[in-house]
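Everything below concerns the one structure shown next.
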Amino acid sequence: MSRTTTQVLVLVLLLSGTFGLATLLQPRAEAWNRRGDSGSVINVLLGDSRRLFANQAFTEADVYFHSGYYPSIFDQTEAPTNSHHMTAQEGSAEEEAHEKQMNFLSKPRDWVERFGRHFEITQHTHLESGNEREILPWLELSAELDPQRIDTYTVASFWLRNRLGKVAEAEAFLREGMRNNPKSYEILFELGRLYNENYQDHNRARHVWELALRRWQESEPQAKNPDLIGQEAILIQLARLEEKGGNLGQAITYLEMAARTSPSPAVLRQQIAELKLKLAGSVTNLSKVPSAD
Amino acid sequence: MNTVFALATVVVKELYRRKDFYVLFILTALVTVLMGSVSFFHDAKIARYLKEICLLLVWVSALVIAIGASARQIPSERENRTIFPLLAKPVTRWQVVLGKFTGCWLACGLALLMFYVFFGVISGSRTGHWPLAQYLQVLWLHWVMLGVVVAMVLCGSVIFAAPSSNATICFIVVTGILLLGRHLNQVALREPEPLSSVLYAIYFLIPHLEWYDVRDFVIFDHALIGWGSCALATLYAAAYTGLLLFAAWLVFRRKPLNL
């Protein structure tokens with residue numbers, strides 16, 4: 001056998017070997033992908049530790065939201081434990097509580113600390129006038145690392161659609177969140193708000209919120225600490241929509257459901273009473289209309 | 001003084017003959033440009049994450065250059081036996097220490113200038129504004145801090161046996177101060193005696209290098225730090241630099257030069 005033929009045969013042997021190995025490894029590689037819930041290499045490499053990194057990326061988004069003013073692990077006060085302050089309205093109770101929580105800098109204990117304050121960020125501010133975009137890379141990274149972290153999608157969507165005018169991007173990101181978390185009522189609620197407030201597509205918003213309510217009813221009542229505030233938010237939005245559409249009876253039903261579990265039911269009961277009066281008035285008016293006969 | 005500058009010039013020339021700076025600069029530029037090419041939600045104006053990554057790389061590179069360059073100065077002179085003709089010039093040992101320090105510090109300054117020009121171009125091209133006074137302030141504080149680091153490493157190089165061990169120890173100490181220095185008093189207060197007093201003593205003894213890390217002011221577009229505070233911080237760093245150089249000279253003047 002000539003030398004060239006031997007070389008070609010060795011090459012063919014190697015090729016068949018690699019082909020055989022590929023057929024053997026391909027199904028395993030697919031199994032790795034399924035185990036990681038997504039096909040990304042990060043999931044295969046990091047495993048469950050990616051959730052820790054995702055939390056860190058989300059915290060980094062919060063640090064950016066506060067323009068670098070953030071408690072360290074050594075500070076007495078703990079860092080914010082949830083993301084509600086990131087989407088809270090100015091002047092709301094949540095915002096006030098957050099202001100108190102972020103007042104973590106105590107009086108300097110010595111001259112080193114006092115002088116060092118000149119080189120630290122010591123003012124509590126939040127991003128504004130379009131700079132909110134700066135938190136987005138961290139939120140995207142957080143979603144990439146942990147696609148099951150719901151907050152990431154809802155917070156990113158809030159800023160994208162409310163402050164940055166990127167409604168299409170917000171919708172796409174929420175839909176990505178839906179693909180990764182098909183049972184999440186929070187993402188559906190946010191998607192409904194997007195349709196209602198940004199696209200003015202009230203009919204679609206209603207369907208999405210109804211689905212959100214069903215998802216809540218499927219998962220939360222069995223939970224140890226059901227998210228009653230989440231349910232109330234969905235019900236109130238649905239009630240507003242029904243009221244706007246003239247379906248006062250349905251609006252009352254939703255508000256009554258909300259009042260049953262609400263931490264402050266008095267306001268809701270008053271709204272129910274007002275709607276009932278309105279409904280009674282419209283029925284009386286209808287009965288006063290002379291018949292065509 | 002001419003002798004000191006002559007020695008310093010040799011050190012600066014050594015820096016641009018070696019490949020350390022070029023490798024670190026290219027790596028920094030490559031990583032920054034790669035990160036800058038990533039698009040988030042089709043928004044081209046997002047810049048702060050890029051500024052943070054670039055400045056982090058600048059800080060790491062500057063520390064590597066400062067510690068790496070300073071750690072080998074005196075040991076290599078002894079190893080190559082060039083210290084003997086140098087001291088026979090006549091050059092005093094104090095001039096050797098001061099010349100090596102000046103050279104390393106100037107070399108770090110040149111490297112920093114290149115890094116910050118690159119950072120300024122990247123940041124300005126993204127955000128469209130050029131806060132030159134702030135860049136100057138950050139660069140100055142960074143350079144002043146590197147002066148303390150260079151003096152610390154030079155002092156280490158006459159104490160520790162090998163440049164590698166000196167560089168490793170100094171790198172750990174500097175990183176430790178940068179990460180924990182600010183919080184050491186809080187940690188001390190939570191510990192029982194006598195550990196609390198020991199920690200508090202360390203807190204007052206260490207040079208507070210973390211003051212000079214004002215990257216957040218640039219990343220988050222905060223206002224300038226008061227120039228008075230900068231001047232006081234410079235005096236503080238100068239005091240520590242002088243102290244460490246004096247300590248280096250005290251050890252070096254009685255040290256046998258034969259290996």
It is to be established whether one or more residues within region B:89-96 are among the polar types (S, T, N, Q) and under 23 Å from residue B:9 (Cβ atoms). yes
Scan B:33, B:60, B:38, B:64 and give me the residue that is closer than 19 Å to residue B:216 by Cα and among the aliphatic types (A, V, I, L, M). B:60
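Yes or no, residue by residue, for (1) within 14 Å of chain A (Cβ to nearest Cβ); (2) surrounded by 14 or more Cβ atoms within 10 Å (Cβ to Cβ); (3) of a type outside the set (Phe, Trp, Tyr); (4) under 23 Å from residue B:156 (Cβ atoms):
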site	(1), (2), (3), (4)
B:15	no, yes, yes, yes
B:18	no, yes, yes, yes
B:21	no, yes, no, yes
B:30	no, no, yes, no
B:41	yes, yes, no, no
B:45	yes, no, yes, no
B:56	yes, yes, yes, no
B:66	no, yes, yes, yes
So residue A:10, is it modelled with pLDDT of 85 or more, more than 19 Å from the chain's Cα centre (by Cα) and aliphatic (A, V, I, L, M): yes
Can you name the condition, by its number, that residue B:224 falls short on among (1) within 10 Å of another protein chain (Cβ to nearest Cβ); (2) under 25 Å from residue B:53 (Cβ atoms)? (1)
Test set (1) free of Cβ contacts under 8 Å to residues at least 40 places away in the same chain; (2) away from chain A (no Cβ under 14 Å); (3) more than 13 Å from the chain's Cα centre (by Cα) - residue B:100 fails condition number: (1)
Considering only residues that are within 13 Å of residue A:197 (Cβ to Cβ) and without any contact (Cβ under 8 Å) to a residue 40 or more places away in the chain, which ones fall in region A:143-162? A:157, A:160, A:161, A:162
In region B:68-95, the residues that are closer than 30 Å to residue B:32 by Cα and either among the aliphatic types (A, V, I, L, M) or within 14 Å of chain A (Cβ to nearest Cβ) (or both): B:69, B:71
Of all residues being at pLDDT 90 or above and of a type in the set (Gly, Ala, Ser) in region A:143-178, which is farthest from the chain's Cα centre (by Cα)? Just the residue, please. A:168
The number of residues in region A:144-179 that are part of a helix (DSSP H, G or I), within 11 Å of chain B (Cβ to nearest Cβ) and either of a type in the set (A, V, I, L, M, F, W, C) or touching a Cys at 6+ places or on another chain (Cβ under 8 Å) (or both) is 7
Which fully enclosed helices (runs of 4 or more DSSP H) of region B:123-232 have 3 or more residues being under 21 Å from residue A:111 (Cα atoms)? B:132-159, B:163-180, B:184-190, B:195-205
Screening B:207, B:163, B:194 for residues that are open to solvent by 60 Å² or more (accessible area, probe 1.4 Å) and at pLDDT below 95 leaves only B:194
Provide a single number: the residues in region B:238-258 that are farther than 22 Å from residue B:143 by Cα, part of a helix (DSSP H, G or I) and open to solvent by 40 Å² or more (accessible area, probe 1.4 Å). 4
Have a look at B:150, B:187, B:158 and point out the one that is surrounded by 15 or more Cβ atoms within 10 Å (Cβ to Cβ), over 30 Å from residue B:124 (Cβ atoms), away from chain A (no Cβ under 14 Å) and hydrophobic (A, V, I, L, M, F, W, C). B:158
Report, ordered by the first and then the second residue, all pairs with beta carbons closer than 7 Å, sequence separation of six or more or different chains, a first member in region A:99-124 that is more than 8 Å from chain B (Cβ to nearest Cβ), and a second member that is of a type in the set (Ser, Thr, Tyr) and open to solvent by 60 Å² or more (accessible area, probe 1.4 Å). A:105/A:122
Could you tell me whether any residue of region A:129-142 is within 22 Å of the chain's Cα centre (by Cα), away from chain B (no Cβ under 11 Å), in a helix (DSSP H, G or I) and at pLDDT 90 or above? yes
Restricting to region B:190-211, name every residue that is within 30 Å of residue B:65 (Cβ to Cβ) and more than 10 Å from chain A (Cβ to nearest Cβ). B:202, B:205, B:207, B:209
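The values are calculated or read from the model by the stated rules, or taken from the named source; none is laboratory data. Owing to the predicted nature of the structure, the values given are computational and were not obtained by experimental measurement. Positions of Cβ are generated from backbone atoms using ideal geometry, with glycine treated the same way; all protein chains shown enter the neighbour counts. Accessible surface areas use protein heavy atoms only, side chains included; no ligands, DNA or RNA. Shrake-Rupley method; radii C 1.70, N 1.55, O 1.52, S 1.80 Å.
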